[in-house]
There are 2 protein chains.
Amino acid sequence: MRVYSGIDLGGTNVKVGFIDDNFRLLCKSSIQTKPEMGPENVFDRVAAEHNRLASENGFPLEDICIAGMGLPGPANLSEGILINPPNLPGFENCPVRDICSKKLGRRVVIENDANAACWAEYECGKGEQSEDIAFVTLGTGVGGGLVCDGHLLHGFKESAAEVGHIIIYPDGRLCGCGQRGCAEAYASASNTAARAEEYVKSGAASSLSEYDQITSEAVFQEAQKGDRLALSVVEETAKVLALLAVNVQNTTNPERVIFAGGMIKAGDFLLDKIKFYFDKYCWPSRKGETDLAFSTLGTESGMIGAAAVARRHYLAGN
Amino acid sequence: MRVYSGIDLGGTNVKVGFIDDNFRLLCKSSIQTKPEMGPENVFDRVAAEHNRLASENGFPLEDICIAGMGLPGPANLSEGILINPPNLPGFENCPVRDICSKKLGRRVVIENDANAACWAEYECGKGEQSEDIAFVTLGTGVGGGLVCDGHLLHGFKESAAEVGHIIIYPDGRLCGCGQRGCAEAYASASNTAARAEEYVKSGAASSLSEYDQITSEAVFQEAQKGDRLALSVVEETAKVLALLAVNVQNTTNPERVIFAGGMIKAGDFLLDKIKFYFDKYCWPSRKGETDLAFSTLGTESGMIGAAAVARRHYLAGN
């Protein structure tokens with residue numbers, strides 16, 4: 001049996017798992033990253049965990065064809081080098097691919113973590129019947145991935161699909177990236193919460209004023225209970241995500257836009273609103289062409305996708 | 001010598017030309033389309049002109065490997081069928097590829113005309129050093145093409161790169177497509193002229209009020225002479241095109257955005273303004289990564305690109 005390992009390197013945890021040719025997750029594990037220990041130590045522990053997991057589950061190391069690793073950006077993917085990852089201090093310009101390849105004793109393919117998760121959707125998630133998908137993660141930031149004509153897009157600086165930084169409102173709300181009016185500045189989980197908090201602090205009446213800390217979960221919860229302020233914040237988030245989807249539709253023409261990340265826990269309450277605005281704002285002659293969906297792969301998609309990206313390289317012989 | 005023929009089917013004229021493996025235009029010709037004569041007649045005349053051109057220039061028909069044809073959308077490209085082209089009445093659901101293939105006695109590959117022009121830029125124009133370009137045509141409408149990682153993007157309904165319909169201002173100016181606030185609604189040649197005309201009609205002071213008909217050429221001419229209204233209209237056009245470029249940068253991450261079409265006759269006066277706003281609005285950490293340029297291929301790019309797309313299929317054996 002051919003086995004492919006996937007490693008999802010995050011600032012807090014590193015997830016490790018194996019998949020087969022049917023993208024079935026055979027086994028999985030997780031260790032704390034502890035980036036402060038430095039790259040050599042981190043990747044020694046990753047390799048040890050990888051080999052322990054293989055041994056414990058009865059997979060001979062020689063059956064593992066290749067390993068894929070998903071990394072937070074910015075990174076030079078084709079060279080396998082992290083550049084200056086905000087959540088991995090001490091990993092600046094770290095040649096991750098070469099270090100891991102040596103420690104794991106096999107070829108390692110590096111991919112951006114959101115791209116890897118997008119590829120998991122393409123291979124075995126909500127996008128598996130399509131050659132053209134857009135993937136949008138709604139977490140602290142808004143990230144993404146794009147598959148067009150069956151290709152995972154990378155682009156000139158290997159930073160395609162930064163769809164959270166599509167400008168929705170020129171000269172609008174300041175984004176963490178320094179642009180104004182980005183989708184992320186309104187519709188990330190953090191900024192959905194932040195917008196609600198700003199309204200509450202400015203004295204708007206809302207059941208949210210009783211919270212010590214306003215989270216996006218709280219905003220969705222109160223909106224569902226009928227709080228008008230919370231509802232208006234949710235409507236704006238949905239509208240911005242719909243406009244993002246319209247702009248991606250007119251750029252890479254996906255069959256499906258798949259949303260993932262913490263905020264999709266809001267379920268159909270959010271999805272139906274995004275669909276409403278998408279239908280409102282999309283090109284009339286294209287209505288009904290592009291479908292919107294929430295991911296069902298959960299938090300393992302980055303790891304599965306990293307393995308699936310590596311598998312693709314392995315099978316293509318490149 | 002291998003020769004590839006390119007045919008650019010427009011509502012008014014059909015351009016025919018041959019290129020070699022260096023994308024050199026060997027000879028060219030043009031006939032009137034006269035769509036009212038119907039598809040059979042039009043393609044009979046196209047085939048006759050194609051064969052006459054070959055004979056006149058000493059190219060044996062057997063040296064012509066394949067023909068490419070650029071069509072206005074909407075079309076089913078992979079099946080080679082025009083759907084309902086506004087400028088080709090009577091060509092609804094016309095199986096262009098099969099008709100032309102029979103009449104030309106060789107394989108014909110169909111491509112969208114803006115995609116074909118984009119591919120010409122990629123192979124032998126402003127994009128020839130890059131694997132990642134965006135192409136934007138500024139005419140009656142705003143069309144485009146996208147090459148990412150060396151692939152000409154098509155997408156689910158083969159209608160990728162409709163970049164003129166990226167929404168710049170939600171709920172803004174009504175576009176011909178039925179959406180509001182599209183780039184095209186502000187920054188096409190027609191809408192640049194239309195916006196100026198609306199201001200003049202509403203009584204704004206401008207040297208443009210002396211024109212019988214306000215064209216985009218007039219707007220640029222008067223703006224360069226210092227007319228304040230004309231200048232503000234040009235600034236808005238440039239700003240919208242810059243925002244379009246920012247959004248494409250964050251989606252497919254091109255190395256270069258290449259503008260073409262009638263309006264680029266305005267030259268550096270326009271290009272410098274687009275660059276100014278692009279620099280203002282783009283992600284600070286990405287400043288300087290993506291370059292903006294005006295095409296130098298002229299009106300033959302559609303024909304050259306159609307031939308070049310066909311050549312690519314021929315060489316790839318698909």
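Matching residues to (1) crowded, with 24+ Cβ neighbours inside 10 Å; (2) in contact (Cβ under 8 Å) with a residue 12 or more places away in the chain; (3) not assigned by TED's automatic domain parsing to the domain that holds B:F23:
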position	(1), (2), (3)
B:I64	no, yes, no
B:M69	yes, yes, no
B:S78	no, yes, no
B:I81	no, yes, no
B:N84	no, no, no
B:L104	no, yes, no
B:I133	yes, yes, yes
B:V136	yes, yes, yes
Test set (1) more than 26 Å from A:K157 (Cα to Cα); (2) out of contact with any strand residue (DSSP E or B) (no Cβ under 8 Å at 6 or more places or on another chain) - A:G10 fails condition number:
(1)
Scope the stretch A:178-192; condition of a type outside the set (D, E, K, R), surrounded by fewer than 22 Cβ atoms within 10 Å (Cβ to Cβ) and at pLDDT 95 or above; matching residues:
A:G181, A:S190
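Conditions tested, residue by residue: (1) in the same structural domain as B:L270 (by TED's automatic domain parsing); (2) crowded, with 23+ Cβ neighbours inside 10 Å; (3) assigned to a loop (DSSP other than H, G, I, E, B).
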| site | (1), (2), (3) |
| --- | --- |
| B:Y199 | yes, no, no |
| B:A204 | yes, no, yes |
| B:I214 | yes, yes, yes |
| B:A218 | yes, no, no |
| B:A230 | yes, yes, no |
| B:K239 | yes, no, no |
| B:L244 | yes, yes, no |
| B:V248 | yes, yes, no |
Answer yes or no as to whether A:E111 is in contact (Cβ under 8 Å) with a residue 40 or more places away in the chain, within 17 Å of the chain's Cα centre (by Cα) and within 11 Å of chain B (Cβ to nearest Cβ).
no
Out of (1) over 19 Å from the mean Cα position of the chain (by Cα); (2) more than 30 Å from B:N250 (Cβ to Cβ); (3) among the hydroxyl-bearing types (S, T, Y), the odd one out for A:S30 is which?
(1)
Members of the stretch B:107-131 found to be surrounded by fewer than 24 Cβ atoms within 10 Å (Cβ to Cβ), at pLDDT 95 or above and assigned to a loop (DSSP other than H, G, I, E, B), listed by number:
B:R107, B:K126, B:S130, B:E131
Restrict the check to the stretch A:278-296 and report whether at least one residue is assigned to a loop (DSSP other than H, G, I, E, B) and under 12 Å from A:F135 (Cα atoms).
yes
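Within the stretch B:21-43, work out how many residues are surrounded by 15 or more Cβ atoms within 10 Å (Cβ to Cβ) and within 22 Å of B:L297 (Cβ to Cβ).
9
Conditions tested, residue by residue: (1) β-branched (V, I, T); (2) over 25 Å from B:A161 (Cβ atoms).
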position	(1), (2)
B:K15	no, no
B:N22	no, yes
B:V42	yes, yes
B:R52	no, yes
B:N57	no, yes
B:M69	no, no
B:P72	no, no
B:C94	no, no
Within the stretch A:265-280, restricting to residues that are surrounded by fewer than 20 Cβ atoms within 10 Å (Cβ to Cβ) and of a type in the set (F, W, Y), the one that is farthest from the other protein chains (Cβ to nearest Cβ) is A:F269
Cβ-Cβ distance below 8 Å, separation of 6 or more or different chains: which pairs start in the stretch B:158-178 with a residue that is more than 7 Å from every other protein chain (Cβ to nearest Cβ) and farther than 13 Å from B:N191 by Cβ and end on one that is among the acidic types (D, E) and buried (at least 21 other Cβ atoms within 10 Å of the Cβ)?
none
Output the residue which, of all residues in the stretch B:141-157 that are more than 7 Å from chain A (Cβ to nearest Cβ) and in a loop (DSSP other than H, G, I, E, B), is nearest to B:E131 (Cα to Cα).
B:G150
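Kindly indicate which of A:E222, A:E210 is modelled with pLDDT of 95 or more, surrounded by fewer than 23 Cβ atoms within 10 Å (Cβ to Cβ) and in the same structural domain as A:P170 (by TED's automatic domain parsing).
Of the residues listed, the single one that is modelled with pLDDT of 95 or more, surrounded by fewer than 23 Cβ atoms within 10 Å (Cβ to Cβ) and in the same structural domain as A:P170 (by TED's automatic domain parsing) is A:E210.
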Those residues that are more than 10 Å from chain A (Cβ to nearest Cβ) and touching a residue at least 60 places away in the same chain (Cβ under 8 Å), I need them from the stretch B:232-243; list them, please.
B:L241
Can you go through B:G302, B:G298, B:G262 and tell me which one is buried (at least 24 other Cβ atoms within 10 Å of the Cβ), of a type outside the set (A, V, I, L, M, F, W, C) and closer than 30 Å to B:L77 by Cβ?
B:G302
Take A:T252 and decide whether it is within 26 Å of A:G150 (Cα to Cα) and within 14 Å of chain B (Cβ to nearest Cβ).
yes
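The values are calculated or read from the model by the stated rules, or taken from the named source; none is laboratory data. Owing to the predicted nature of the structure, the values given are computational and were not obtained by experimental measurement. No Cβ is skipped: glycine too gets one built from the backbone with ideal geometry, and neighbour counts run over all protein chains shown.
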